[in-house]
Amino acid sequence: MTCSDEGLVGEVLRMAADRAVIRLESGCATGTGELAVGIALVAAQPGDWVLVHAGEALAVLPGPPAGSWP
């Protein structure tokens, strides 16, 4: 199993065109904790929390998950 096999939650840090860099809540990111994902399917903005699967943001969440960092 790889990280792309599961749903991940992350905060949008920055965006460019149809891609965004998110900070992941789980440990599936590179050493920086950041991951580039597609955002063509959602209307996300920096500061939004998104649900990601297979490298694509699928939904904007109403806020950070319970127990996440501030």
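Highest mean first, what order results for 37-49, 53-65 on Cβ atoms within 10 Å?
37-49, 53-65
With a sphere of radius 14 Å drawn around the Cβ of Pro64, what net charge do the other residues whose Cβ falls strictly inside it have (Lys, Arg +1; Asp, Glu -1)? Spell out each step's value before the answer.
Working: positive: Arg23; negative: Glu11, Glu25, Asp48.
Combined, the nearby Lys, Arg, Asp and Glu give -2.
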Using 7 Å Cα-to-Cβ label points, what is the Ala66/Leu51 separation (nm, one decimal)? 1.6 nm
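The numbers here are math on the coordinates, done by the rules we state, and not lab data. Nothing here was measured: the structure is a model prediction, and the numbers come from that model. Here Cβ is always computed from backbone atoms with ideal geometry, including for glycine, and neighbour counts include all displayed protein chains.
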